[in-house]
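*Asks:* Pasting a structure below so you can have a look.
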Amino acid sequence: AREQGGSSASMFSRLAAMLQANNPFAVVLEEIAKMLDLLDKEGEQDKKHNDWCVDETKKTSDDITTKANEIIRLTSDIDVLDAEINDPETGLKATIKSYEDTLQANYESQQTETKDRREENIAYQKDISNLVEAEKLLERAIVVLRKYYAKISAEIKAEMSLVQSRKARNANRDDPAPPATWEDKYKGQSEAGGTDAISMLEFILTNTKKEETQAHSDEQDAQHAYEDSMQNLKDEEKSTQKALADARDLLAQKELSLSQRQEERTKTEKEKKALDDYLEKITPGCNFIKENLDLRNTNRENERTALNDAVSLIEGTPAYQEAMAVAHNETLGECKEICALNENVVACKACLADVTIPAYCAGHPATSGC
């Protein structure tokens, strides 16, 4: 980089050194031309560097802003996904736990109702067995009593017939009249006593059969209620299992998306940091060229003016002009004397071209002297 004032003094020091070393003027002027060219290239490089800094700083700053916005977006997505997964009330994990609890309660209800139904059925079968046995006992008792009372009735009838016969025989005798309390019919168990016992047993039998019928009806109702309840539980179990499977699938998708967003955010944060570091790295150099470009251009212009002035001064010295004349005469060679008075006449031109005057005039008829 060129500083504010030292380069011009350095260049003039080099020119002075060459002059002191008796270098030809052509070498000095060539060196000045190189210095002027270097100033032009240095100016172009400064402009290129400044333009690059402007573009690169803007591009990098824009990229940093883009990355920052992307991080904000990813963070928002992560927060939403995290809530969808982990919210204690509405999150997928809470929903899955609720489905699992529902299935567990459903399973326990099926087990409990099946156990209760089994126990109720066992009790029903035992009750029916007892009722059927009671019916058989009652039916046998009724049959026995009927036979018994039929036998008693026959015996009574026979006895009554015998009594009637005796009465007929004694009608012709003057037997004393029977006591006032005497009845000529023996009732015993022939009427209400016997029939009441049988009727009571038949009443009990009828009620027992009604109780059996009611037990069958209650068992059928209980079985239907159990089957309906089990069907509802099975339907609930099936729908809950599907909802649970769907929730688990959705949870897997959300967790994958969350992991991808987190990885993407980490990657973007690293990229943003790299851009921040890069911008921090180029900023000092870019700030320098931005703050000093006008001064550097001014210094280069001053150096260019000084060099051009030096060329004018050198070319204006008698020594330079004499050296140039000597150098020019040396280029004339053998034609130096012919060309000494005027180099534009045909004699000088023909000599320099190493042809005859007529030959030169043939090709250059407008030359002075042709």
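*Asks:* Counting only heavy atoms of protein chains, what accessible area per residue, in Å², does segment 39-102 have with a probe of 1.4 Å?
*Replies:* 63 Å²
*Asks:* Give the distance, in whole Å, between the Cα centre of segment 229-275 and the Cα centre of segment 31-96.
*Replies:* So the separation of the two Cα centres works out to 32 Å.
*Asks:* Could you compute the longest span of the chain free of GluC sites (Glu not before Pro) located in DSSP loops and having at most 16 other Cβ atoms within 10 Å, not counting the site residues?
*Replies:* Longest run free of exposed loop sites: 192-342.
*Asks:* Along its principal axes, what span do the Cα atoms of segment 51-108 show, with the longest given first and each in whole Å?
*Replies:* The Cα atoms of segment 51-108 stretch 78, 14, 6 Å along their principal axes.
*Asks:* Now for a different question. Whenever you get a sec, compute what percent of the accessible area on the chain sits on carbon and sulfur atoms (1.4 Å probe).
*Replies:* Taking all protein chains in place, the chain shows 54 percent carbon and sulfur surface.
*Asks:* Using only the alpha-carbon atoms, how far is helix 25-86 inclined from the longest principal axis of the chain? Give it as 0 to 90 degrees, nearest 10.
*Replies:* For 25-86 against the chain, the angle is about 10 degrees.
*Asks:* Pulled fully out, how much extra length does the chain show between I204 and Q260, if you take 0.36 nm times their separation in residues and subtract their Cα-Cα distance?
*Replies:* 12.0 nm
*Asks:* Now for a different question. For a 25 Å ceiling on Cα separation, which of these pairs sit above it: K59/K290; K270/K290; K97/K242; K97/K238?
*Replies:* K270/K290
*Asks:* Pairing the Cα long axis of helix 92-170 with the longest principal axis of the chain, what angle in degrees results, from 0 to 90 and rounded to the nearest 10?
*Replies:* 10 degrees
*Asks:* If the elastic network links every pair of Cα atoms under 10 Å, which of N121, N207, N69 fluctuates the most in the Gaussian network model of the chain?
*Replies:* Highest fluctuation among the options: N207.
*Asks:* Continuing with this model, one more query. Would you mind counting up the charge near L131? Only other residues with Cβ under 9 Å from its Cβ, with Lys and Arg at +1 and Asp and Glu at -1.
*Replies:* Summing Lys/Arg as +1 and Asp/Glu as -1 gives -4.
*Asks:* Tabulate in residue order the Karplus-calculated ³J(HN,Hα) for segment 348-363, using 6.51 cos²θ - 1.76 cosθ + 1.60 with θ = phi - 60°, rounded to whole Hz; enter x for Gly and Pro.
*Replies:* 5, 5, 5, 5, 4, 7, 6, 9, 6, 4, x, 5, 5, 5, 4, x
*Asks:* Take the alpha-carbon positions of segment 244-354, form their convex hull, and give its projected area averaged over all directions (one quarter of the hull surface) in nm².
*Replies:* The Cα convex hull of segment 244-354, projected and averaged over all directions, gives 18.7 nm².
*Asks:* The list [x] 193; [y] 176; [z] 337 gives values of volume of the Cα convex hull per residue in Å³, and only one came from this structure; which label was calculated from it?
*Replies:* [z]
The values are calculated or read from the model by the stated rules, or taken from the named source; none is laboratory data. Keep in mind that what you see is a predicted model, and the values were worked out from it rather than measured. Using ideal geometry, Cβ is built from the backbone for each residue, glycine included, and neighbour counts are taken over all protein chains shown. Only protein heavy atoms, including side chains, enter the accessible area calculation; ligands, DNA and RNA are left aside. Shrake-Rupley method; radii C 1.70, N 1.55, O 1.52, S 1.80 Å.
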